[in-house]
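First up is the structure itself, then whatever we jot down about it.
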Amino acid sequence: MMLETQRLIMRPFTLDDADIITALYGDPDIMTFMPCGRLMEEEIRAHVEQVVSDWDELPQVNYEMAVIAKADSRKIGRARIHMDYENDTAMLGWLLVRPEWGRGYATEITRSLLEYCFDTMHIHRVCALCHPDNIGSWKVMEKCGLRREAHYVKKVKYVGKDGTHWEDELEYAMLREEFRRM
């Protein structure tokens, strides 16, 4: 599986993609809104090995992809589809390196993932989650037509340098029939 947009290529992770995971999960500004906190080198290596092996699972649950800028072949982020087959639902996610924020890439990624989920996988429902303070993420979701379904209070346990704490989470979603009407 490879997804292509006007400016991006999203392809399955390989073992050579630890560099982009290091750039993303090592940046404190990016990790502000990620429950797992910053990852160490050995955790990054284990994460990359896991997402590479996920592509061999049947049925495949986790579709984690490196995001490549077509213009210069740079790795600029990751995109993800996580399947819940029992409920015919896909959860989307994306992360971009900080220099690429504000360039419309997240919107491009999200639209491409929505098209793939609804048109190719024929999923009933797609959702995405974010921290309420992650305004950029929820604005992308709204721009792509997802609607806010929930504001969960203290739902997610975040790991930080000072221990763990609970944070709120927003859930956005779209149904296949809503996507078709767009």
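For the reader, a short list of remarks on this structure follows.
- Restricting the stretch 136-149 to residues that are over 15 Å from the mean Cα position of the chain (by Cα) and closer than 23 Å to Trp101 by Cα leaves a set whose member that is surrounded by the most Cβ atoms within 10 Å (Cβ to Cβ) is Gly145.
- Long-range neighbours under 6 Å by Cβ, at least six apart or interchain, first residue closer than 16 Å to Pro35 by Cβ within the stretch 126-142, second of a type in the set (Ser, Thr, Tyr): Ala128/Tyr172; Cys130/Ser137
- The residue of the stretch 62-82 that is farthest from Arg111 (Cα to Cα), among those that are in contact with a strand residue (DSSP E or B) (Cβ under 9 Å, 6 or more places away or on another chain), touching a residue at least 24 places away in the same chain (Cβ under 8 Å) and open to solvent by 10 Å² or more (accessible area, probe 1.4 Å), is Lys75.
- Test for Trp94: is it open to solvent by 40 Å² or more (accessible area, probe 1.4 Å) and on the phi < 0 side of the Ramachandran plot: no
- Which listed residue, of Tyr152, Tyr105, is of a type outside the set (S, T, N, Q), loosely packed, with under 15 Cβ neighbours inside 10 Å and touching a Leu at 6+ places or on another chain (Cβ under 9 Å): Tyr152
- Of all the residues in the stretch 108-135, those that are open to solvent by 80 Å² or more (accessible area, probe 1.4 Å), in contact with a strand residue (DSSP E or B) (Cβ under 9 Å, 6 or more places away or on another chain) and over 13 Å from Phe179 (Cβ atoms) number 1.
The values are calculated or read from the model by the stated rules, or taken from the named source; none is laboratory data. Everything numeric in this text was worked out from a predicted model, so none of it was measured. Cβ atoms come from the backbone with ideal geometry, glycine included; neighbour counts cover every protein chain shown. Note: accessible area is taken over every heavy atom of the protein model, side chains too, but ligands, DNA and RNA are not part of it. Shrake-Rupley method; radii C 1.70, N 1.55, O 1.52, S 1.80 Å.
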